[in-house]
Amino acid sequence: MSCIREQLESQGLSEQATALVMDSWQNSAKKQYEPYIKRWKQYCSKRKMDPFSASVEMGVNFLAELYHAGVGYSAINTARCALSTCLLIDGCKSFRSHSLVGRFIKGVFESRPALPKYSETWDIEQVFSYLQTLHPPESLTLKDLSHKLVMLLALLSGQRCQTLHSLSVSDMKLSPDKCVFVVKTLSKTSRPGRHISSLEFVAYQPDPRLCVVTYMLKYVKRTNAFRQGASQLLLSYKKPNKPLSADTVSKWIKHVLSKSGISTSLLSAHSTRSASTSSAKAAQIPLDTITRSAGWSNYDTFQKFYNLPVVSQNNFGNERLRSCTP
């Protein structure tokens, strides 16, 4: 987004002020916006227009061109947000908030709707059954121990891979009874005055095979030998045992899903968030507990995007026939 930086500096902002304005967009957003800003500059260059002072009509025409090139609703919405970083209407109004732009986006949705990616979610009991086979922790390879710990953290917290990736041993209080993390890095939902609360994991006495604290104690002990000052909790099990990336956390989760017998052809690691919270609701856990644990500001977010029917891999008809077989 170098052109955005240049535009800010041309308006009289100092280098320090420009840097802080650029920091208002998370790196993930910058990566999403960049290709659309590049295409917008090319679009304007062909028509000999200034990409920073073009009319709202030209911006809508650009989005329409994307639509007819086969771009879907979600991507066009991203392009709208990208244009809003550089295109001001009447000197102060954001492009994305203009009524014509909103009406255009509504038309795109009606003609090319973005339906939910999933209509149902998987049963976490199936994953727990697989995790119970990875026991005791002393007999596990570091690879299996790492995979099991990550999946337990994901299912018992309802958090994103990004949050699990940011967990730090320096911000952890670990005892045989519980493990508490203070999350000091920004998340996708972090806002001024609102941030992820501490993540607390309590020892599960009824079944040591599913006790996240037991496996956390063993994991920290085994990784201390090669941690070499790295504060990030999750480290690679391969030498030189570097801190894990968020993408690798996702790969580990998908690996466990596959081992549990759950198809990952359409499912992403993010599906643990829906599976965990939907199962919690089915177990009649209070909604305020679910939303607070998962980091949602209100119940509507959970209800709209994550609350899905939990479907077991077992087929009801086959189970019914089996029960009738002598």
In Å, the C-alpha Rg and Dmax of the chain are 23.9, 84
Amide H of K178: which non-local residues (sequence gap of 5 or more, or other chain) have their own amide H closer than 5 Å, using H built in the peptide plane? A203
Ignoring everything except DSSP H segments at least 4 long, calculate the 222 nm mean residue ellipticity for the chain; use -39,500 (n - 2.57) per segment, divide by total residues, nearest 500. -15500 deg cm²/dmol
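Projected area of segment 243-289, taken from the Cα convex hull and averaged over every viewing direction, in nm²?
So the Cα hull casts an average projection of 4.4 nm².
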Vicinal HN-Hα couplings computed from phi for segment 9-19 (Karplus, 6.51 cos²θ - 1.76 cosθ + 1.60; Hz; Gly/Pro x): 5, 5, 7, x, 6, 6, 4, 5, 5, 4, 4
When all alpha-carbon pairs of segment 121-311 are counted, what percent fall beyond 23 Å? 40 percent
What residue among R80, R160, R103 shows peak mean-square fluctuation when the chain is described by a Gaussian network model with Cα springs under 10 Å? R103
Filtered hits (lysines, Cα-Cα < 25 Å from K143, offset >= 8 within chain) -> K173, K178, K218, K221, K238, K239, K242, K251, K254, K259
Relative counts (whole %) of C-alpha pair distances in segment 2-111, using bins that are 5 Å wide: 2, 11, 23, 24, 21, 12, 5, 2, 0
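No value in this document is a laboratory result; all are computed from the given coordinates. As the structure is a prediction and not an experimental result, all values here were calculated from the model.
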